[in-house]
Amino acid sequence: NKWRIVFPNNERQKKAWDHAARFYSGNRIQTTKYTWLTFLPQNLFEQFHRLANLYFLFLVILNWFPQVQVFHREITMLPLLVVLLAISVKDAVEDYRKYQFDKTINSSKTRVYDK
C-alpha cells in the first residue's frame, strides 16, 4: 500500500485558490505524448525532423522521376517505410506504458491532512 500525501492550502488562501483553480484542469498526472487522433501526424512530424529520414524521403521522391530512377520505386520506399514503422511501433508501446503508469498513479489512494 503506497499512499500519496496531499497537503491542502490554508483557509486564508482558499478564496485565492478557488479563483486560481478555475484555470487548471486538476492534479491528474499525464505524461503521455500522444492521443488516438494525434499519434500519426505528430509521430510523422517528429520522425521527419531526423536527418536520416529526410535523406531517405529525398531518395524516394527523386526515384519517382524516370530520368534519375535507379531502382524500382517500391524498393526505394522499403527502407523508409520499415524505419518509420519500427519507430512508430516503439513510440506507441512506450506511450501506452506511460498511459498505464499514469493510470495507476492517478487511481492510487491518497491521504489528505486537514486541521
| Hey, His72 hits all of (1) loosely packed, with under 13 Cβ neighbours inside 10 Å; (2) closer than 27 Å to Thr31 by Cα but one; which does it fall short on? | (2)
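Residue-by-condition table, conditions (1) at pLDDT below 70; (2) touching a strand residue (DSSP E or B) at 6+ places or on another chain (Cβ under 8 Å); (3) within 20 Å of Lys90 (Cβ to Cβ):
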{"position": "Arg12", "(1), (2), (3)": "yes, no, no"}
{"position": "Ala16", "(1), (2), (3)": "yes, no, no"}
{"position": "Arg22", "(1), (2), (3)": "no, no, no"}
{"position": "Gly26", "(1), (2), (3)": "yes, no, no"}
{"position": "Trp36", "(1), (2), (3)": "no, no, yes"}
{"position": "Leu40", "(1), (2), (3)": "no, no, yes"}
{"position": "Glu46", "(1), (2), (3)": "no, no, yes"}
| query | Any idea how many residues of the stretch 79-115 are open to solvent by 100 Å² or more (accessible area, probe 1.4 Å) and at pLDDT 90 or above? | reply | 7
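The values are calculated or read from the model by the stated rules, or taken from the named source; none is laboratory data. Nothing here was measured: the structure is a model prediction, and the numbers come from that model. Here Cβ is always computed from backbone atoms with ideal geometry, including for glycine, and neighbour counts include all displayed protein chains. Just so you know, the surface numbers come from the protein's heavy atoms only, side chains and all, with ligands and any DNA or RNA stripped out. Shrake-Rupley method; radii C 1.70, N 1.55, O 1.52, S 1.80 Å.
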